[in-house]
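Take a look at the structure set out below.
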Amino acid sequence: MNIRLKSLLPDLFTSAGKRLVRHRFVLASSVIACLTLDLAYGGRGIGAAIAVAFIMAAALLVPGRTAEKPREERRDGATRIETLLATDLAEAVQDPLFVSNASGDIVYANEAASVAFGTVAPGMPLQLKFRAPEMHDFIARVMEGGAGPFGIDYVERVPLERAYRVSATRIGDGSGLFVLLFRDQSEARRIDRMRADFIANASHELRTPLASIAGFIETLRGPARDDPKAREAFLQIMQDQTSRMARLIDDLLSLSRLEVKPYGKPSERVDLRMVVGGVRDALAARAKDSGVEIELDMPPEPLEVLGHRDELFQVFENLLENACKYGSSGGRVVASARKAADGSERIVTIRDFGPGIPEEHIPRLTERFYRVEIGAGRPQKGTGLGLAIVKHILTRHDARLSIRSKMGEGSSFTVHFPAPD
């Protein structure tokens, strides 16, 4: 016990000295106050005794390792990281990851790699796992060495087409190991392709009426300059084409506003009877011009859903307008609404009695710019964006659209809304 105490004394004195130096200004002020107090009471030594006791307490009791605690915590954290296995770190990577040796054999594959490419047995050659010629060349180049890192774009086509950016990097010095990381680029490429297709389609849709207008202007300035009958016909066509361009631009702006508008769960209670009735009144004159009568079949009681009134008006405006345009030969359009038998849905159906839609076209009707040929020599009437807008709005309302059609009997477009809470 005495030996242990002797070994601790030097550290104890060193620590006490450091504490006194660190708090020297506070201690000096306290000692002066104690001595002044002692003199005020006749110099009997009481103040001096208090000062000495205060100094000893400061040396022994003031904590002296608070500044060292963060360093100890950092050291503990570093120790925990050092004890982790490389496989633990690899499993934390969400992208497929392979570790191979200098011969191109797989040493390790993380869970993401097994999910993306199937079970991988250690020792399997990479070139046997990935049979595409570009991957064979890439793996061979990696195994030959070099400064690196290496990268390549690779498309896995089975069971689903996925696009990856593959990068390979040497691990350490002299280990002979390489890590191959597959970053999934499929979604980014799909969005880029959709954007490119959208721009190409929009450009084509605008170029067609512009070319038509330019041609008629040239004709009016030339051969038809003194032909009143031809001039009147050409001006009418030009007006129709400018109206079509205006509708196309309006639809493009509607889609753009919907896509940039922040999504919020609808909270307004909307009566579907009032919305559909309002749309019928707004389209009455246009329907009459097409020789179509819009009939309503609505329940007597309110049929409420949670939604944005203006957006729902746009949904049924598109559906009723399409029914009047493409089903005009049937002479009437029926808009009906009801509750589902189990009360879980509110259902609105827009039905026409026109020529119908071929079954193979139905799955693609909500694609942007997709339109169905309605007969030889008859022009397409819409912009091809109306049903795309409908689908986008319904998705925001947790609703869905179902389409049924039979050739010669007409088509029905049914909107299913969830019941309000």
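Bear in mind these aren't lab numbers, they're just calculated from the coordinates by the rules spelled out. Since the structure is predicted, the reported quantities are computational estimates derived from the model, not experimental observations. Glycine also receives a Cβ, built like all others from the backbone with ideal geometry; neighbour counts cover every protein chain displayed.
For this structure, a couple of remarks:
- Extension gain from L220 to L206, taking 0.36 nm per residue of separation minus the Cα-Cα distance: 2.9 nm
- Out-of-range pairs (alpha-carbon distance over 25 Å; input K325/K406; K265/K339; K288/K391; K229/K325): K288/K391; K229/K325
- Residues K288, K325, sorted so that the one with the fewest Cβ neighbours within 10 Å comes first: K288, K325
- For the stretch 261-414, diffusion coefficient by Stokes-Einstein and Kirkwood Rh (Cα), 20 °C, 1.002 mPa s, µm²/s: 134 µm²/s
- Tail beyond 16 Å, pair distance distribution of the stretch 316-373 (Cα, percent): 55 percent
- Mean Cβ neighbour count within 10 Å, used as a protection proxy, ranking 210-220, 352-362 highest first: 352-362, 210-220
- Peptides 293-301, 390-398 ordered by average Cβ neighbours within 10 Å, highest first: 390-398, 293-301
- Using every pair of distinct Cα positions in the stretch 90-184, the Kirkwood expression returns a hydrodynamic radius of 13.3 angstrom.
- The length gained by stretching the chain between F117 and D297 to full extension, at 0.36 nm per residue less their Cα-Cα distance, is 59.4 nm.
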